[in-house]
1. Can you name the residue in the range 189-221 that is in a helix (DSSP H, G or I) and among the hydroxyl-bearing types (Ser, Thr, Tyr) and is also farthest from Gln179 (Cα to Cα) among such residues?
2. Look through Asp177, Asp132, Asp146, Asp154 and report the one residue that is loosely packed, with under 14 Cβ neighbours inside 10 Å and within 27 Å of Pro24 (Cα to Cα).
3. For the range 81-96, check the following and say yes or no: at least one residue is in contact (Cβ under 8 Å) with a residue 24 or more places away in the chain, of a type in the set (Gly, Ala, Ser) and within 25 Å of Lys22 (Cβ to Cβ).
4. When the range 26-44 is examined, which residues are found to be over 18 Å from Gln80 (Cβ atoms) and outside any strand (DSSP E or B)?
5. Scan the range 126-157 for residues that are among the hydrophobic types (A, V, I, L, M, F, W, C) and either assigned to a loop (DSSP other than H, G, I, E, B) or touching a residue at least 60 places away in the same chain (Cβ under 8 Å) (or both) and jot them down.
6. If you check Phe258, Phe273, which single one turns out to be farther than 28 Å from Gly121 by Cα and surrounded by 19 or more Cβ atoms within 10 Å (Cβ to Cβ)?
7. How many residues does the range 222-241 contain that are in a helix (DSSP H, G or I) and either of a type in the set (D, E, K, R) or surrounded by 15 or more Cβ atoms within 10 Å (Cβ to Cβ) (or both)?
8. Please specify each residue of the range 87-108 satisfying the condition of being more than 23 Å from Ser225 (Cα to Cα), in contact with a strand residue (DSSP E or B) (Cβ under 8 Å, 6 or more places away or on another chain) and among the small types (Gly, Ala, Ser).
Amino acid sequence: MENMRRFNTISEYNAFNNNVTKHPLVSVVDFSKAAPRTGSRMYFGFYTIFLKDVKCGDLVYGRNTYDYQEGTLVFMAPGQVAGVNSNGEIYQPKGYGVVFHPDFIHGTALGRHMQDYTFFGYQSKEALHLSDREREIVLDCFSKIDYELDHAIDKHSKRLIATNIELLLGYCARFYDRQFITRDHVHKGVLERFEHLLNDYFRSEKPQTIGLPSVAYCADVLNLSPNYFGDLVKKETGKTAQEYIQSKLIDMAKEKIFDTNKTVSEIAYELGFKYPQHFARLFKQRVGYTPLKFRMLN
């Protein structure tokens, strides 16, 4: 791929794709209007939602590559880098996108809840795969946003556009829930690997050398983004990934506490705690007794 292109403003991205800038902070992009081009890496200074309508090469996102097929949605937050690897061949972009600058949503209900849409932190391989009906709904949301952009800007414009973007993201959250269910066999495998990872971790020397396992560490080992991994664990188990790790930690701690040759401090260090008092506090929160009291009762 060629050198990275940088897009800090909506107007820059519209110009690159031969689209008219109707609003300086929001746009619905029709990629079929863009000139044929070769693949390149791109930096985006705004939120982007891409709906891919035709196969044109592999999407490169960060350090990973995956087959970017028809009917997929990819979400990126400001500051992220992505691109298409067309292997030097010229292709005609197709599909649609919604792009909006963070400044646009300041002071709106969407701005206050933007952090709830964790799929903006997913990796490209965790893209949303749409059914035909879901694709129609997404395109309808795109159309409503574009309608408001075609309307003369008035006192209602910002609220209506932000509301329609929020409606789109709400549907996407629902569709991701569906995807977690329909790909249940894949996710069960991830949970099994997560369980084995924790078992192996606590039975190794890693707690003393690395410390307690973090959600980010586990996600990286499982080749998932922390956001996707956390959402998957929550939907499958009802626990956050952090709560799941702590549950495993407490189970291991209970085993070790029965070894009366070890002090509570020694057990805390073996589990990865820097300070025994932190271990004692967590143990009491989760079990209801201090480690010493639990040892005495059992």
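The values are calculated or read from the model by the stated rules, or taken from the named source; none is laboratory data. Since this is a predicted model, take the numbers as computed values, not measurements. We place every Cβ from the backbone using ideal geometry, glycine too, and count neighbours over all the protein chains shown.
1. Kept after step one, since they are in a helix (DSSP H, G or I), are these residues of the range 189-221: 189-202, 206-209, 215-221.
Filter again for among the hydroxyl-bearing types (Ser, Thr, Tyr), leaving 201, 209, 217.
On the way: Tyr201: 30, Thr209: 38, Tyr217: 24 Å.
Checked the range 189-221; the qualifying residue farthest from Gln179 (Cα to Cα) is Thr209.
2. Working: Asp177 fails: within 27 Å of Pro24 (Cα to Cα); Asp132 fails: within 27 Å of Pro24 (Cα to Cα); Asp146 fails: loosely packed, with under 14 Cβ neighbours inside 10 Å.
Answer to the check: Asp154.
3. Start the filter on the range 81-96 by keeping residues that are in contact (Cβ under 8 Å) with a residue 24 or more places away in the chain, which leaves 81-96.
Subset that is of a type in the set (Gly, Ala, Ser): 82-83, 86, 88, 95.
Filter once more, so that each one left must be within 25 Å of Lys22 (Cβ to Cβ): 82, 95.
Within the range 81-96, one or more residues are in contact (Cβ under 8 Å) with a residue 24 or more places away in the chain, of a type in the set (Gly, Ala, Ser) and within 25 Å of Lys22 (Cβ to Cβ).
4. Phe31, Ser32, Lys33, Ala34, Ala35, Pro36, Thr38
5. Restricting attention to the range 126-157, the residues satisfying the condition of being among the hydrophobic types (A, V, I, L, M, F, W, C) are 127-128, 130, 137-139, 141-142, 145, 149, 152-153.
Residues satisfying the conditions are Ala127, Leu130, Val138, Leu139, Phe142, Ile145, Leu149, Ala152, Ile153.
6. Working: Phe258 fails: surrounded by 19 or more Cβ atoms within 10 Å (Cβ to Cβ).
From the options Phe258, Phe273, the qualifying one is Phe273.
7. Going residue by residue through the range 222-241, those that are in a helix (DSSP H, G or I) are 226-237, 241.
Now restrict to residues that are either of a type in the set (D, E, K, R) or surrounded by 15 or more Cβ atoms within 10 Å (Cβ to Cβ) (or both): 226-236, 241.
Of the residues in the range 222-241, 12 are in a helix (DSSP H, G or I) and either of a type in the set (D, E, K, R) or surrounded by 15 or more Cβ atoms within 10 Å (Cβ to Cβ) (or both).
8. If the condition is that a residue be more than 23 Å from Ser225 (Cα to Cα), in contact with a strand residue (DSSP E or B) (Cβ under 8 Å, 6 or more places away or on another chain) and among the small types (Gly, Ala, Ser), then Gly95 is the only one that fits.
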